[in-house]
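The values are calculated or read from the model by the stated rules, or taken from the named source; none is laboratory data. Given the structure is predicted, the values throughout are model-derived calculations rather than measurements. Here the Cβ positions follow ideal geometry from the backbone for every residue, glycine too, while neighbour counts run over all protein chains shown.
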Amino acid sequence: MPIEPLFIIHAPLTISSRLQEAKPDWRWQLQPSGRFAHNKKYVEEVGVQCHIKLLYYEEMRNFRKEGANSVNGHIFIMQKIPADSQEL
């Protein structure tokens, strides 16, 4: 599922999302678990398009388990900025 609608809906809010990352050549994908995974670069690009600035990023190794497997991911803390701002 693309994240553009999420960013547009929540644009007035500060957003904190945990999004799983795997390969650098894809934007997003549905995992076998039913969870959506989003590529870091894709999240950042959509944020810029929606005037949402990345405040903090952290790669998370083994942050949860899915069955017997450890799952990697990442956390983004982002903030909406005024559309007329040059801050991005």
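I'd like the full set of residues that are at pLDDT 85 or above, farther than 13 Å from Phe76 by Cα and in contact with a helix residue (DSSP H, G or I) (Cβ under 7 Å, 6 or more places away or on another chain), limited to the stretch 28-52.
Cys50
What are the residue pairs meeting all of these: first residue in the stretch 59-86, first residue more than 13 Å from Ala37 (Cβ to Cβ), second residue exposed (fewer than 11 other Cβ atoms within 10 Å of the Cβ) and among the acidic types (Asp, Glu), Cβ atoms under 7 Å, and 6 or more apart or on different chains?
These pairs meet every condition: Ile81/Glu87.
Would you check which residues across the stretch 53-76 are modelled with pLDDT under 90 and aromatic (Phe, Trp, Tyr) and list them?
Answer for the stretch 53-76, where residues must be modelled with pLDDT under 90 and aromatic (Phe, Trp, Tyr): just Phe63.
Checking the conditions here, which among Gln20, Gln79 is surrounded by 15 or more Cβ atoms within 10 Å (Cβ to Cβ), at pLDDT below 90 and among the polar types (S, T, N, Q)?
Selected residue: Gln20, the only one of Gln20, Gln79 that is surrounded by 15 or more Cβ atoms within 10 Å (Cβ to Cβ), at pLDDT below 90 and among the polar types (S, T, N, Q).
Would you point out the residue of the stretch 45-66, among those that are under 16 Å from the mean Cα position of the chain (by Cα) and of a type in the set (D, E, K, R), that is surrounded by the most Cβ atoms within 10 Å (Cβ to Cβ)?
Within the stretch 45-66, the match that is surrounded by the most Cβ atoms within 10 Å (Cβ to Cβ) is Lys53.
Can you tell me how many residues within the stretch 56-80 are among the β-branched types (Val, Ile, Thr) and touching a Leu at 6+ places or on another chain (Cβ under 7 Å)?
1
Suppose the filter is at pLDDT below 90, surrounded by 11 or more Cβ atoms within 10 Å (Cβ to Cβ) and under 10 Å from the mean Cα position of the chain (by Cα); does His10 pass it?
No, not satisfied.
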